[in-house]
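Student: Below is the structure I would like to discuss, written out as structure tokens.
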Amino acid sequence: MAKLVVVAVLVFAFYGVVRNACIHRDFGKGSTVCVCSAEQCDLLGKIAKQETGVAGVYESGKDGSRFLATTIEFSPVDINFTALPRTRSIIRLQPNVTYQQIMGFGGSFTDAAGSNILRLEEPLRSKLLESYFSEEGLNYNMGRVPIASCDFSARVYSYADRSDDFDLANFSLSLEDIGLKIPLLQIAQKLNKTDPLWLLASPWSAPAWMKTNKDMSGRGTLMGKPNGTYYKTWAQYFREVSGCL
């Protein structure tokens, strides 16, 4: 008879509060959103550390609840698993078994994000970014930085568009990096006070002249063979990018 002596079972939820009231806007079909204005944003608020046997729950739903904070308590019980109907879900807690460590959560610093956010006037811009990166908001500590253009760019570009520039003599960041991505990164770094802001730089494509289809879109691959001229230049391309971060 399979038994697990300690199983987490919900006993009760003893409070429910909204950190900041949500100003609802309904887009139909249950798609309600919270409006972030210069006067107010529905920030999550600092997440309190719970006592042993208590879990904190934050819930958003179609009913309009946003970041609704509740707590639930767990109690140990004896359960005969073989007697349970197959439709029941069982959660086994094994706190002594650990796997990979989660470094954090975040978003992507795309051209489109920079263009839209930096167009906002103060103090709305600050409130929006605080909702992502500050301790009172989501407290993001990671960011994906596209290397050159991506599917959220207004144009296609790389940092080495001149053909056969194997020494990358003409490597340079774009106007989008200088005017959009970097300013947004600098603001995010200032707002993140609890953790270093981890950055993951990744390309959507190699420069067109390095690819078999001579196009930054499509299914082309890197020309040549591993350890060949194109591969070495592509590796150097990454080194140049890392020196700019």
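Student: Looking only at the stretch 76-85, decide whether some residue is closer than 30 Å to SER172 by Cα and among the acidic types (Asp, Glu).
Tutor: No, there is no match, as no residue in the stretch 76-85 is closer than 30 Å to SER172 by Cα and among the acidic types (Asp, Glu).
Student: Taking GLY220 and the conditions (1) surrounded by fewer than 18 Cβ atoms within 10 Å (Cβ to Cβ); (2) small (Gly, Ala, Ser); (3) in a helix (DSSP H, G or I), which numbered condition does it fall short on, given that it satisfies the others?
Tutor: If we test GLY220 against (1) surrounded by fewer than 18 Cβ atoms within 10 Å (Cβ to Cβ); (2) small (Gly, Ala, Ser); (3) in a helix (DSSP H, G or I), just (3) comes out false.
Student: How many residues does the stretch 159-177 contain that are within 11 Å of ALA208 (Cβ to Cβ) and in contact with a helix residue (DSSP H, G or I) (Cβ under 7 Å, 6 or more places away or on another chain)?
Tutor: 2
Student: While we're here: Considering only residues that are touching a strand residue (DSSP E or B) at 6+ places or on another chain (Cβ under 8 Å) and either more than 26 Å from CYS150 (Cα to Cα) or exposed (fewer than 14 other Cβ atoms within 10 Å of the Cβ) (or both), which ones fall in the stretch 94-125?
Tutor: Within the stretch 94-125, MET103, PHE105 meet the criteria.
Student: Test each condition in (1) touching a residue at least 60 places away in the same chain (Cβ under 8 Å); (2) in a loop (DSSP other than H, G, I, E, B) for LEU184 and report the one that comes out false.
Tutor: It fails just one condition, (2).
Student: Scan the stretch 17-72 for residues that are of a type outside the set (Gly, Ala, Ser), closer than 21 Å to ASN139 by Cα and assigned to a strand (DSSP E or B) and jot them down.
Tutor: Once the filter is applied, which keeps residues that are of a type outside the set (Gly, Ala, Ser), closer than 21 Å to ASN139 by Cα and assigned to a strand (DSSP E or B), the stretch 17-72 yields VAL17, VAL18, VAL33, CYS34, VAL57, TYR58, GLU59, LEU68, THR70, THR71.
Student: Please work out if ALA154 is within 30 Å of MET210 (Cα to Cα) and of a type in the set (Gly, Ala, Ser).
Tutor: yes
Student: Please give the number of the condition LYS127 fails out of (1) among the basic types (Lys, Arg); (2) assigned by TED's automatic domain parsing to the domain that holds ALA201; (3) out of contact with any Cys (no Cβ under 7 Å at 6 or more places or on another chain).
Tutor: LYS127 satisfies all of (1) among the basic types (Lys, Arg); (2) assigned by TED's automatic domain parsing to the domain that holds ALA201; (3) out of contact with any Cys (no Cβ under 7 Å at 6 or more places or on another chain) except (3).
Student: Say whether the condition of being at pLDDT 90 or above, small (Gly, Ala, Ser) and either outside the structural domain of CYS41 (by TED's automatic domain parsing) or over 30 Å from SER217 (Cα atoms) (or both) is met by at least one residue in the stretch 66-73.
Tutor: No - not one qualifying residue is present in the stretch 66-73.
Student: Looking for whichever is among the small types (Gly, Ala, Ser) and either in contact (Cβ under 8 Å) with a residue 24 or more places away in the chain or surrounded by 18 or more Cβ atoms within 10 Å (Cβ to Cβ) (or both) here; the options are ALA169, ALA154. Which one fits?
Tutor: Criteria check complete, one pass: ALA154.
Student: Do we find that ARG144 is in the same structural domain as ASP195 (by TED's automatic domain parsing) and without any contact (Cβ under 8 Å) to a residue 12 or more places away in the chain in this structure?
Tutor: When the stated conditions are applied, ARG144 does not pass them.
Student: If you scan the stretch 133-144, which residues turn out to be under 11 Å from the mean Cα position of the chain (by Cα) and surrounded by 19 or more Cβ atoms within 10 Å (Cβ to Cβ)?
Tutor: Initially, the stretch 133-144 is screened for residues under 11 Å from the mean Cα position of the chain (by Cα), giving 133, 138-144.
Hits for the stretch 133-144 are PHE133, ASN139, TYR140, GLY143.
Student: A further question on this structure: Sort out which residues of the stretch 189-207 are buried (at least 18 other Cβ atoms within 10 Å of the Cβ) and either within 27 Å of TYR231 (Cα to Cα) or at pLDDT 95 or above (or both), and write them in order of number.
Tutor: Answer for the stretch 189-207, where residues must be buried (at least 18 other Cβ atoms within 10 Å of the Cβ) and either within 27 Å of TYR231 (Cα to Cα) or at pLDDT 95 or above (or both): PRO203, SER205, ALA206, PRO207.
The values are calculated or read from the model by the stated rules, or taken from the named source; none is laboratory data. What you are looking at is a predicted structure, and each value in this text was computed from that prediction instead of being measured. As a convention, Cβ positions derive from the backbone with ideal geometry for all residues, glycine included, and neighbour counts pool all protein chains shown.
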